[in-house]
Amino acid sequence: MDTVIKLSRSTVEKYLNCPRCCVLDKKHKIKPPSLPFTLNIAVDNLVKNEFDYYRAIQEPHPLFIENNIDAVPFQHKDIDIWRSNFKGIRYKSVEHNYDFGGAVDDVWQKQNGELIVVDVKATSRNNFDWFETFNKYDYAKAYKRQLEMYQWLFRKNGFKVANEAYLLYFNGKKNEKFFNNQLTFDVHIIKLDCSTSWVEEKVLQVLNLLRSDEFPPPSINCEYCNYLKKRWQLSKV
């Protein structure tokens, strides 16, 4: 029998962007360089603490009221596990021998019982426009896929999940007259209409690739593969 393969939403995202990078990561433990986003982590933690206050008293956060979101932060014994980067919410397939997991930022519950999956982002732009960003940049589309994969995980665990999900964007103001050791933010709540219909098929495609001997060619759109190719070409000069 095949061994159990651990997967995450980042594994699937790598596959969608560049199958070769997916194989390098999962089979050969070769990962592209990355930097820690410490400010994002700080914002995440502070937001979670605030939602936990309203979770404990089961009342809507003021942002919910301002944006007509009829929900409260979801109260569940596993909420801290779901939000842990080293655990997350997981689904184990006996049929296909995989263990898929992902850590959500938060979960809200509508009055009808459906769960809303939420992801928190931090940025700093002079003119924040989500729709322009979504149409222009691939990473914004990846944020939507991330939420859809998390929705899929909750459904696989037997929860009733709403089709809508939310990005909670904190945009740091960098043109204030005085700093005063405080960074202030504009808050943008972005509602996304999501679909999980594509997720399982892609998960199985990733599995088939990782269990094969195939080593895919570089993706023409992969910035890491293109960087290495150009570096190799220059080194031969």
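The values are calculated or read from the model by the stated rules, or taken from the named source; none is laboratory data. Given the structure is predicted, the values throughout are model-derived calculations rather than measurements. Cβ placement follows ideal geometry from the backbone for every residue including glycine, while neighbour counts extend to all protein chains displayed.
The table below lists the values:
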| quantity | calculated |
| --- | --- |
| Residue match in segment 165-188 (condition: surrounded by fewer than 17 Cβ atoms within 10 Å (Cβ to Cβ) and at pLDDT 95 or above) | no |
| Qualifying residue in segment 145-167 (condition: charged (D, E, K, R), under 24 Å from residue 41 (Cα atoms), touching a residue at least 40 places away in the same chain (Cβ under 8 Å) and touching an Asp or Glu at 6+ places or on another chain (Cβ under 9 Å)) | yes |
| Candidate set from segment 100-114 (those that are in contact (Cβ under 8 Å) with a residue 24 or more places away in the chain and within 18 Å of residue 146 (Cα to Cα)); member that is surrounded by the most Cβ atoms within 10 Å (Cβ to Cβ) | 100 |
| Residue list for segment 184-229, filter: assigned to a helix (DSSP H, G or I) and closer than 30 Å to residue 124 by Cβ | 223, 224, 225, 226, 227 |
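To keep it simple, each residue is scored yes or no on (1) among the acidic types (Asp, Glu); (2) surrounded by 19 or more Cβ atoms within 10 Å (Cβ to Cβ); (3) modelled with pLDDT under 95.
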| site | (1), (2), (3) |
| --- | --- |
| 79 | no, yes, no |
| 93 | no, no, no |
| 98 | no, yes, no |
| 131 | no, no, yes |
| 155 | no, no, no |
